[in-house]
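Down below is the structure, laid out as structure tokens.
The values are calculated or read from the model by the stated rules, or taken from the named source; none is laboratory data. Keep in mind it's a predicted model, so treat the numbers as computed, not measured. No Cβ is skipped: glycine too gets one built from the backbone with ideal geometry, and neighbour counts run over all protein chains shown. To get the accessible areas, we keep the full protein, side chains included, count just its heavy atoms, and leave off ligands, DNA and RNA. Shrake-Rupley method; radii C 1.70, N 1.55, O 1.52, S 1.80 Å.
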Amino acid sequence: MYYEESDFLETADSSTLELIARTRQLTREYYSSDYSDKEKRSAILQELLGGIGENVGIDTPFHCDHGKNIFIGNDVVIGMNCTFVDNNPIRIGDKVMIASNVQIYTASHPVLPEERLVPDWKERGTTFFKTYARPVEIKDNAWIGGGCILLPGVTIGENSVIGAGSVVTRPIPANCVAVGNPCKVIRYFDKDAKKQ
């Protein structure tokens, strides 16, 4: 895979570590909050996330790295035990359903050891590995089934359904059902739609 230098990011600098610590504190507060205290839970999410619309339900536990890179539209439900690794933006449209145990990763690492490992990491005061990040987007009216994994750079098209347990490694078009590992389209809602 080809990487642009701009794809890589620093994960161990002081500002990033402070942001992660803040996020851990807020997600812990959210987890510990009374489920019926909608005002407090909403205030925590407003502080945690980059943007959040109306009528959004996020069940607990909920895990994320930065929080500020997560943007959620209106009328969204996110099930329990979801993990969003938001080193790059995660954008979730309106009327999206995300089932329990879904994992969304914007970050990954090069496969080849010579690209992944940093030989002079101690001298540079960084991590011993390189991390790259690409945004993930889930468009309006999509449904992500339980236990799905969305990998860096993918987009889930409008109205599409991702079957439970799928691993999404590439963009999924609009108006379809896609399943499997790797996730592939098995059916379009519109008979005239062309497979991409």
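Put simply, of 41, 22 the only residue that is more than 30 Å from residue 117 (Cα to Cα), of a type outside the set (Gly, Ala, Ser) and modelled with pLDDT of 95 or more is 41.
Evaluating residue 168 against the criteria (1) in contact (Cβ under 8 Å) with a residue 40 or more places away in the chain; (2) closer than 23 Å to residue 80 by Cα; (3) surrounded by 16 or more Cβ atoms within 10 Å (Cβ to Cβ); (4) hydrophobic (A, V, I, L, M, F, W, C) leaves one unmet condition, (1). Scanning region 1-34 for residues that are in contact (Cβ under 8 Å) with a residue 24 or more places away in the chain and open to solvent by 90 Å² or more (accessible area, probe 1.4 Å) yields 1, 31. Selection over region 151-194 of residues that are hydroxyl-bearing (Ser, Thr, Tyr) and part of a strand (DSSP E or B) gives a count of 2. Considering only residues in region 92-143 that are touching a strand residue (DSSP E or B) at 6+ places or on another chain (Cβ under 9 Å) and assigned to a helix (DSSP H, G or I), the one that is least open to solvent (accessible area, probe 1.4 Å) turns out to be 116.
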